[in-house]
Ligand code: ADP
């Protein structure tokens, strides 16, 4: 065989057998691993290639946006749809690229991340998205921070916060909490929104899984948000817990282990905006 054919991936299982014997099962998963690698490379390349023409298209649409008033009434609606769909496609491609990077990039550089400051910024973003329709509160322990990637954590936390806003009706409440307990540090997003039926919960972090596809699309969702959250948390040795009750609301909690926690306020210059 050629040297590349010598790369074999085995999945090994050791099973105690009888008093002092062990049974070793080895399964050749080379092909599975190769196919997974091909899938990742394909998605990364496809999203990368789509980005440039899409940027050009959106650029022109943006220019035309200012001239909308000059268009005949019959074309205005078509134009608005084109603009909306191009924006959606850009969001989708960006999310696909983010996800590919999370899956393929080597471990992230670990820096002290000022989580309370990051959350204060996210709360402001949420207020903008909510446009005054929700009561949004933030409770954050000021001396509690993390060792990790600021960009990745921002991406994960903002997905959770945006989801809460998008899935909670006008007049609802959204509560952001960042606290430490015996298990480690926890960031939770609690909403009084539509909630999720129990059978959907185990699938929510799968790519493109949506409880209500049409509704999710209409509210600007790509179906990739919670996959991004899952991958970011994996890269930070953290775990995502989801508790929800249909019609009552949901709580999404990110649990970070003590080894990632920094118990000190981080000087502002250590985490540039
Ligand atoms: P999307 O872009 O569709 O929101 P996500 O991966 O972020 O994709 O979420 C997957 C699905 O999980 C959503 O389509 C929605 O049905 C459900 N979901 C996520 N967050 C919430 C929430 N806070 N309340 C109710 N449902 C939610």
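For region 229-250, the tally of residues that are more than 8 Å from the ligand (Cβ to nearest atom) and either closer than 20 Å to residue 89 by Cα or not in a strand (DSSP E or B) (or both) stands at 12. Condition first: assigned to a helix (DSSP H, G or I), within 20 Å of the chain's Cα centre (by Cα) and surrounded by fewer than 16 Cβ atoms within 10 Å (Cβ to Cβ). Can you find one or more residues in region 107-118 that meet it? No, there is no match, as no residue in region 107-118 is assigned to a helix (DSSP H, G or I), within 20 Å of the chain's Cα centre (by Cα) and surrounded by fewer than 16 Cβ atoms within 10 Å (Cβ to Cβ). Which members of region 178-195 meet the condition of being within 14 Å of the ligand (Cβ to nearest atom), surrounded by fewer than 19 Cβ atoms within 10 Å (Cβ to Cβ) and over 17 Å from residue 123 (Cα atoms)? Residue satisfying the conditions is 195 alone.
Can you find a residue that is at pLDDT below 95, part of a loop (DSSP other than H, G, I, E, B) and within 7 Å of the ligand (Cβ to nearest atom) anywhere in region 211-219? Full working, then the answer.
Filtering region 211-219 for residues at pLDDT below 95 gives 211-219.
In the following step, the residues that additionally are part of a loop (DSSP other than H, G, I, E, B) were identified as 211-212, 219.
Pick out the ones that are also within 7 Å of the ligand (Cβ to nearest atom) and you get 211-212.
Yes: one or more hits.
For every residue, the table says whether it meets (1) in contact (Cβ under 8 Å) with a residue 40 or more places away in the chain; (2) more than 30 Å from residue 93 (Cβ to Cβ); (3) surrounded by 12 or more Cβ atoms within 10 Å (Cβ to Cβ); (4) touching a strand residue (DSSP E or B) at 6+ places or on another chain (Cβ under 7 Å).
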| residue | (1), (2), (3), (4) |
| --- | --- |
| 7 | no, yes, no, no |
| 15 | no, yes, no, yes |
| 22 | no, yes, no, yes |
| 27 | no, yes, no, yes |
| 30 | no, yes, yes, no |
| 45 | no, no, no, no |
| 50 | yes, no, yes, no |
| 57 | no, no, yes, no |
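With respect to being farther than 28 Å from residue 114 by Cα, more than 7 Å from the ligand (Cβ to nearest atom) and buried (at least 17 other Cβ atoms within 10 Å of the Cβ), residue 172 fits the description. The residue of region 196-206 that is nearest to residue 100 (Cα to Cα), among those that are near the ligand (Cβ under 8 Å from one of its atoms) and within 17 Å of the chain's Cα centre (by Cα), is 205.
The values are calculated or read from the model by the stated rules, or taken from the named source; none is laboratory data. Owing to the predicted nature of the structure, the values given are computational and were not obtained by experimental measurement. Backbone-built Cβ (ideal geometry, glycine too); neighbour counts: all protein chains shown.
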